[in-house]
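This report refers to the structure that appears directly beneath it.
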Amino acid sequence: MASLDITAVRAAFPALASGVLFGDNAGGSQCLADVAARVSDYLLRANVQLGADYSVSVASTTRVADGADAAREMFNAASADEVAYGSSSTMLVENLARAMDADVREGEEIVVTGEHESNAGPWKRLAARRNATLKLWPATQLPAYPNNPYAVGLQLDALLPLITAKTRMVAFTACSNILGSINPVKEIVAALRTRAKELGARKLEVCVDCVAYAPHRGIDVQDWDVDYCYFSFYKVYGPHTSVLYARKPSLTDSLTSLGHHFLRIDSKPYKLQPGGPGYELTYACTGPHPRGTLAAGWAAVAAHEQALLAPLLAYLRGKAARGVRIVGDEQAGAARVPTVSFVVVGARAVRSPDVVKAFDAKGDIGIRYGHFYAYTLVDDLAPKVDTDDGVVRVSFVHYNTVAEVQRVIDVLEEVLA
């Protein structure tokens, strides 16, 4: 397996030359120079409306189509006609839920998690509009860590009892932006479909949040057998835009168009995309990866990330007597990405804002505290965590280095002495 050339990787991101340690990547990664160049090039050389026959419009139309195909490749969707663009993931899922209004019946059930609200809030509002029943798939204690009540995760045995003949939608995350845990999407979806079929459910669809997953692993909506999936390109080294996959049968049969009444778009993503996306941003999405090289790249990324994750988790585990508790899985491994959250509890408790304040004082290290829009997950942690303080979160990606991990540990050592 090829390893990452970390020097070449970092050279592709101009912001890294500043010497600042970017440790809040789950909130948004740095942008590739090539992406910024594409935004500029589009605006300065191809900034016209699509669909006309003159040469600049033809070029512009081709560029935007290339952007849609780049997203298709990231999803491994069957067609670019299954990909909708939007300004944010939250907006796209809200559009999806609105488009589903007419196909959700009173008394049907929607299952959500306490993870990022982008894949919960729109479904909560849909349930309220349609008099549907809302159920929560909670994060529960991981058996491997009986002495750490904050070691929780989404587990299948807590989900399946929630499924009934009335289950219409299950919305969950492929990777937690708090816990850093990768959920086995294919296994979960297969179990859901089997249970729903056994119970005679009218229609079960699945929406998977890949925002915290996409920077770390490859998405495969066809292999996973999901109906809807989304992520944000600004979390994946690209421009501030987001994309949503909707399987063609779902586009045709489950959704009512949000577009103009005279457009014939029954099987097109424009049903979820009223008006055009930012053309320059869509084209810039061709920049985050060389086309056709994703599979080999993800293996190298995963290996490098484990080298970042292992020493940080080992350090935090070693501070258990000091009151440090890792939130989520305590061990590195294939089902864990380098997004690490923790709290400091007990007789010598330290508030999360005070931990981060020590980093802010350094001036060149960026980490954060809070609930990170996974409000329900943080609010449900027991013993209770103040949601205003939330957790301390450090999130690395493939352009970070082991030396940067040590810089974070050195500051923590000062705080936790």
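The values are calculated or read from the model by the stated rules, or taken from the named source; none is laboratory data. On a predicted model such as this, the values are computed, not experimentally measured, just so you know. Heads up, the Cβs are rebuilt from the backbone with ideal geometry, glycines too, and the neighbour counts pull from every protein chain shown.
Structure values in brief
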| read-out | value |
| --- | --- |
| Residue within segment 349-358 that is loosely packed, with under 14 Cβ neighbours inside 10 Å and not in a loop (DSSP other than H, G, I, E, B) present | yes |
| Every residue from segment 182-204 that is in a helix (DSSP H, G or I), of a type in the set (A, V, I, L, M) and either surrounded by 14 or more Cβ atoms within 10 Å (Cβ to Cβ) or in contact with a strand residue (DSSP E or B) (Cβ under 6 Å, 6 or more places away or on another chain) (or both) | VAL185, ILE188, VAL189, ALA191, LEU192, ALA196 |
| Among (1) in the same structural domain as ASP360 (by TED's automatic domain parsing); (2) out of contact with any strand residue (DSSP E or B) (no Cβ under 8 Å at 6 or more places or on another chain) - the single one GLY23 does not satisfy | (2) |
| Strands (runs of 3 or more DSSP E) completely within segment 45-140 that count 1 or more residues being of a type in the set (D, E, K, R) and within 26 Å of ILE163 (Cβ to Cβ) | 109-113, 133-137 |
| In segment 257-285, residue modelled with the highest pLDDT [restricted to those that are polar (S, T, N, Q) and over 19 Å from the mean Cα position of the chain (by Cα)] | SER257 |
| Residue list for segment 1-17, filter: touching a residue at least 60 places away in the same chain (Cβ under 8 Å) and either of a type in the set (Ser, Thr, Tyr) or in contact with a Pro (Cβ under 7 Å, 6 or more places away or on another chain) (or both) | SER3 |
